[in-house]
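Written below as structure tokens is the structure these notes are about.
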Amino acid sequence: MKQIQFSFEINKKIPDALGRAGVIHTPHGDIQTPAFMVVGTYGKVRLLSASQFHNIGAQGMISNGFHLSQIADEIDGAGGLYSYSGYNCPTITDSGGFQVMSLGSGLGKVVSMDKRDIAKEQFKAENKKRLARVSEEGVYFKRSEDSDEELITPEYSMEFQHKVGGDIIMAFDELTSIGDSKEYNEEALNRTYKWGLRCLEKHEKLSFDRRDKPYQALYGVLQGAHYQDLREKAAHDLGALGFDGYGLGGAFEKEHLPDILFWCNSILPEDKPRHLLGLSKPDDIFVGVENGCDTFDCVAPTREARHAKVYTLDGDINLRNAKFKNDFMPLFEGCQCPTCKSNHTREEIRGLLKNEGAVKTEKQMISDRLLGMELITTHNVFFIVNLTNQIRQSILDGNYFNFRDEWLSRYYH
Ligand SMILES: [Zn+2]
């Protein structure tokens with residue numbers, strides 16, 4: 001077996017809470033936690049170049065293992081995701097479980113939802129044919145209604161994640177839908193446990209076969225929806241299996257998030273890092289941190305940037321709003337991101353997105369719009385990365401709760 005070049009150290013804990021500041025050591029560098037991992041679905045972050053990625057202090061990227069599976073050999077040949085991406089940072093891939101299960105299930109891309117969103121998602125689910133079905137062997141799925149059925153198994157997930165070469169890879173799990181019964185969740189949880197064992201076995205074999213490659217850490221993924229007994233069972237069972245770390249996943253209502261994380265993380269081994277999958281609203285990050293999560297990811301900062309939503313300490317703004325016409329302020333006064341430091345104004349970026357004013361060719365309009373989105377993407381990702389950095393510092397300074405209360409009361413007024 002190759003040498004394990006992966007470890008986690010805790011620097012300081014939040015008093016009377018599960019939260020901690022630490023460092024995850026990977027073969028491709030350290031991640032100072034709590035940390036936000038930027039989403040680069042296809043191995044690149046949309047509208048964020050490698051140099052901007054480093055300028056804003058991003059520490060790592062999470063990519064979609066399922067989407068990359070189709071070019072896994074190419075990535076392997078390029079030396080893994082670290083080199084292929086050009087970002088040269090620690091990387092994570094997910095197992096594909098989330099993607100195949102959300103095909104047509106109406107789950108969309110949002111994991112934790114409020115009640116209104118859930119009703120919407122359920123309506124969509126009922127009106128859309130489900131394209132995935134689960135068996136003990138794995139998940140059968142179709143990429144579209146007309147395409148052939150394919151099978152993804154825990155072993156196959158390990159194979160493509162090893163080829164893609166992320167520093168942290170995820171065990172294949174079954175994501176249940178928000179409408180599934182407790183009985184179904186229990187059945188799915190048992191399956192996820194058995195799949196976890198199969199992932200560990202395959203991972204061990206692949207780590208041996210590919211011992212000339214850098215070590216990849218395997219995280220077990222906890223499901224169990226919002227049921228305390230199921231979440232605790234998942235934490236006990238998977239916690240005993242010796243994974244390198246843990247991913248916390250599932251579909252549930254946002255109000256259950258603090259409890260779910262507390263149930264899981266108070267049982268999971270303390271010395272293993274934990275990744276909260278797919279959540280990065282600022283309030284979710286605070287809840288995640290104080291309930292023992294170390295790393296975070298979410299498409300929101302980049303996706304919302306493409307819809308002109310700008311994050312600021314006083315709450316989010318939408319640049320499409322007419323009130324930002326003739327507003328010559330930066331996206332946020334005092335922001336240290338490359339966009340704001342280069343004196344780009346709200347008026348200017350709004351103009352790029354809206355194509356107002358001078359007559360432009362279609363080509364100019366597209367390139368302007370992309371530039372506008374790029375400037376906001378840089379700002380939004382910096383905002384979230386910087387927030388997690390500040391949270392880390394507040395833990396180290398023994399000042400976490402004061403920092404949290406001040407920050408949240410300003411952001412949410
Ligand atoms: Zn900025």
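The values are calculated or read from the model by the stated rules, or taken from the named source; none is laboratory data. As the structure is a prediction and not an experimental result, all values here were calculated from the model. Note that we place each Cβ from the backbone using ideal geometry, even for glycine, and neighbour counts take in every protein chain shown. Ligands, DNA and RNA are excluded from the accessible area calculation, which covers all protein heavy atoms including side chains. Shrake-Rupley method; radii C 1.70, N 1.55, O 1.52, S 1.80 Å.
Brief remarks on what is shown
- Helix runs (DSSP H) in the chain reaching 24 Å along axis by Cα, Kyte-Doolittle at least -0.5: 362-396
- Largest GNM mean-square fluctuation among MET170, MET37, MET329, using the chain with Cα springs under 10 Å: MET329.
- Take the chain with all the other protein chains still there, run a 1.4 Å probe, and you get 43 Å² of accessible area per residue.
- Protein accessible area in the range 139-280, 1.4 Å probe - carbon and sulfur %: 47 percent
- Each label point was placed 7 Å from the Cα along the Cα-to-Cβ direction; for TYR412 and SER83 their separation is 4.6 nm.
- With 19 Å as the limit on Cα-Cα distance, the pairs of LYS182/LYS202; LYS281/LYS309; LYS163/LYS194; LYS44/LYS202 that go past it are LYS182/LYS202; LYS163/LYS194; LYS44/LYS202.
- Amide H contacts for LYS12 (H built 1.01 Å from N in the peptide plane; partners 5 or more residues away or on another chain; cut-off under 5 Å): ALA21.
- Listed residues GLY242, GLY138, GLY80, most fluctuating in the chain (Gaussian network, C-alpha, under 10 Å): GLY242
- Here the extension length gained between ASN326 and SER51 equals 95.9 nm, from 0.36 nm per residue of separation less the Cα-Cα distance.
- Under Karplus coefficients 6.51, -1.76 and 1.60, residue-wise ³J(HN,Hα) of the range 309-321 in Hz, glycine/proline x: 8, 10, 7, 9, 5, 9, x, 7, 10, 10, 5, 5, 4
- 5 angstrom amide H check on ARG274, placed H, neighbours 5+ away: TYR246, ASP294, THR295
- Dipole in debye (nearest 20) - the range 1-64, about Cα centre, beta carbon charges: Lys, Arg +1; Asp, Glu -1: 120 debye
- From phi via Karplus (6.51, -1.76, 1.60), per-residue ³J(HN,Hα) for the range 95-100 in Hz, x at Gly/Pro: 7, x, x, 4, 5, 5
- Applying the criteria of a DSSP loop state and at most 13 other Cβ atoms within 10 Å to the chymotrypsin sites (Phe, Trp or Tyr not before Pro) of the range 35-104 yields TYR42.
- Between GLN70 and ARG133, the C-beta separation translates, for a Förster distance of 25 Å, into a calculated FRET efficiency of about 0.70.
- 18 Å cut-off, amide nitrogen to a point 7 angstrom out along GLN228 Cα→Cβ, residues in the range 286-310: 291
- Applying 1/(1 + (r/R0)^6) with r as the Cβ-Cβ distance of GLN393 and SER7 and R0 = 22 angstrom yields a FRET efficiency of 0.50.
- Note on the chain: with a GNM built from Cα contacts shorter than 10 Å, the maximum mean-square fluctuation among ALA300, ALA225, ALA17 falls on ALA17.
- Reducing the range 281-323 and the range 203-265 to their Cα centroids gives an inter-centroid distance of 25 Å.
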